[in-house]
Amino acid sequence: MPTTPTSAEIAAAIQTWIRCESPSSSPQGIAAMVAMVEQHAKAKGLTAHVSSLGEATGPLLHVSNRAASDERAGILILGHLDTVHPFGTLQQNACRIEGDRLYGPGGYDMKGGIYLALTALGQLAAADSTALPVDLLLVPDEETGSHHSRASIERFARQARYALVCEPARPDGGQCVTARKGTGQLRLMVQGRPAHAGVDHQKGRSAIREMAQQVLALEAMTDYARGITVSVGTISGGTVPNTVPSQCQAVVDFRVPDRQAGEDILAKIRALKPVGPDVTLDIDVELNRPPMVKTDAAAELLSRVQTWAAEAGLELADAPMTGGGSDANFTAALGIPSLDGLGVDGDGAHTLREYVLVSTLARRLAFWNLLLKNLS
């Protein structure tokens, strides 16, 4: 029977992972992180397989306790090894423990959660130690939309009975997540006509002026009552001050609570027309992550999981729908009962004050152990 580590021992191990910086933009940094996790998995008696997703991103890591002959639908655990933090963030948010807080970039979102799930799976490495076979899939590009890994996620999900995601627990009480908004992006290009701003101003067609009109139309699509938000995030255009700008580009984020809202927003965006004369719009829009809608099956799964959480000393409440997306959006959209936000307790995701609550780690590990051992 493996020795159960203390919260302090778990925190010390997570620090090693935090110190391996793995920004989404660095395939090499993610590969180093994959190598570290792969070694940890094999040391626990688990099988581990690394596969390439191309040169533009890091590799994919699949860890399992599945016997070679076991083809049953099992438990799919999802996590991501990339972080939003660029190299050098450790100099601004050093990996350290202060009181009950373990600080460091990527610890809360989500290396701590992956460490707990992998360690629990390692404690149950024998194929007959879990009620169902378990596959842990760690992707390199979740923070940038999982464009390279989505096909792999969906392939594993179609072979799973349940999906569990290691995203961090909600900071307000450690709640888990059963519903997330879908996320989309619009890239809008306006093409106008250049002219000398002093001599031939009337001959120009300002792309920036047109974009200003389009920004107002896009932002007006926000509907808080329906849970729809549309946010123009970046704009760039023009060349020099004394030339009427002929081009302007904008990148727009939108979030939708359900499929119908997604279809409505896509239709409105695609129906955009120029306001001014002699200008054109190039509209490139997609719903990148489908909404994660809470189903009866997910509610039933949560009810069962809450029993094991209580046994481990946790109160696993269900969080309200969150606007942030994750890879659980993909599994839920395929009809797989999915629970998210099962990672570590803490706060400050995507900031320089990101931290993990050390005192909760042993209880969280016990929870994962009970969950993987008993879920059937």
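The values are calculated or read from the model by the stated rules, or taken from the named source; none is laboratory data. Fair warning: this is a prediction, and the values are worked out from it, not measured in the lab. Every residue, glycine as well, gets a Cβ built from its backbone with ideal geometry; the counts of neighbours run over all protein chains shown. With ligands, DNA and RNA removed, areas are computed over all heavy atoms of the protein, side chains included. Shrake-Rupley method; radii C 1.70, N 1.55, O 1.52, S 1.80 Å.
Asp327 sits among other residues whose Cβ lies under 9 Å from its own Cβ, and their net charge, with Lys and Arg +1 and Asp and Glu -1, is -1.
Which FRET efficiency, nearest 0.05, do Arg187 and Val215 yield, Cβ-Cβ r, R0 22 Å? Once the sixth-power term is evaluated, E becomes 0.95.
Each DSSP beta bridge with both residues in the chain is either parallel or antiparallel, and the antiparallel ones are about 75%. Split the accessible area of the chain by element, probe 1.4 Å, and carbon with sulfur accounts for 51%.
Here the relative contact order of the chain, from alpha carbon pairs under 8 Å that lie six or more residues apart, stands at 24 percent.
Note on Lys203: lysines with a C-alpha under 29 Å away, same-chain residues under 8 apart excluded, are Lys273.
For segment 31-93, the Kirkwood hydrodynamic radius comes to 13.9 Å, computed from all pairs of different C-alpha atoms. Relative to the current alpha-carbon distance between Thr16 and Leu334, full extension at 0.36 nm per residue lengthens the span by 111.0 nm.
Work out the FRET efficiency for Thr295 and Lys42 from their Cβ-Cβ distance, taking R0 = 45 Å, and round it to the nearest 0.05. Spell out each step's value before the answer.
Working: r = 36 Å, r/R0 = 0.80.
E between Thr295 and Lys42, to the nearest 0.05, is 0.80.
What order, most packed first, do the peptides 280-287, 196-203 have when packing is the mean number of other Cβ atoms within 10 Å of each residue? Let's see the in-between values first.
On the way: 280-287: 13.5, 196-203: 10.6.
Output ranking for 280-287, 196-203: 280-287, 196-203.
Beyond 11 Å, what percent of the Cα pairs of segment 271-321 remain? Across segment 271-321, Cα pairs with separations above 11 Å total 79 percent.
Using the average count of surrounding beta-carbon atoms within 10 Å as a protection proxy, the listed peptides 38-49, 354-365 rank, highest first, as 354-365, 38-49.
To the nearest 500 deg cm²/dmol, what mean residue ellipticity at 222 nm is calculated for the chain from DSSP H runs of n ≥ 4 alone, each contributing -39,500 (n - 2.57), summed and divided by the residues? Provide the component values of the computation, followed by the final result.
Numbers: 9 runs with 110 residues, N = 376.
Using -39500 (n - 2.57) per qualifying helix, the result is -9000 deg cm²/dmol.
Using 0.36 nm per residue of separation minus the Cα-Cα distance, give me the extension gain between Asn242 and Ala73 in nm, one decimal.
Working: separation 169, 0.36 × 169 = 60.84 nm, distance 6.44 nm.
Length gained between Asn242 and Ala73: 54.4 nm.
The calculated FRET efficiency for the pair Ser51 and Glu311, based on their C-beta separation and a Förster distance of 41 Å, comes to about 0.70. Simple rule: put +1 on each Lys or Arg Cβ and -1 on each Asp or Glu Cβ in the chain, find the dipole, and look at Ala179, Leu78, Gln260; the Cα lying farthest toward the positive end is Gln260. In terms of distances greater than 21 angstrom between alpha carbons, the cross-link table entries Lys44/Lys111; Lys42/Lys111; Lys42/Lys373; Lys181/Lys294; Lys294/Lys373 yield Lys294/Lys373. What does the charge count near Leu272 come to, summing +1 for each Lys or Arg and -1 for each Asp or Glu among other residues with Cβ under 13 Å from its Cβ? Around Leu272, the charge tally is 0. Take every pair of alpha-carbon atoms less than 8 Å apart whose residues are at least six positions apart; their mean separation over the length of segment 28-94 yields a relative contact order of 28 percent.
Using every Cα-Cα pair within the chain, state what percent have a distance larger than 39 Å. It works out to 23 percent of all Cα pairs. Residues of segment 90-133 with the amide nitrogen closer than 13 Å to a label point 7 Å from the Cα of Ser376, along Cα-to-Cβ, please. Taking a point 7 Å out along Cα→Cβ of Ser376, the residues of segment 90-133 whose backbone N falls under 13 Å are 128-133. Straightening the chain between Phe87 and Ser129 buys 11.2 nm, computed as 0.36 nm per residue apart minus the Cα-Cα spacing.
For segment 98-177, the solvent-accessible area of protein heavy atoms averages 29 Å² per residue (probe radius 1.4 Å; ligands and nucleic acids excluded). What net charge do the residues around Leu302 carry, taking every other residue with its C-beta under 12 Å from that of Leu302, with Lys and Arg at +1 and Asp and Glu at -1? Value of the local net charge: -2. With the alpha-carbon atoms of segment 92-160 aligned to their principal axes, the span from lowest to highest coordinate is 41, 33, 11 Å, starting with the largest.
Per residue, how much accessible area does segment 254-376 have with a 1.4 Å probe, in Å²? All intermediate terms of the calculation are to be shown ahead of the outcome.
Numbers: 5110 Å² over 123 residues.
In whole numbers, segment 254-376 has 42 Å² accessible per residue.
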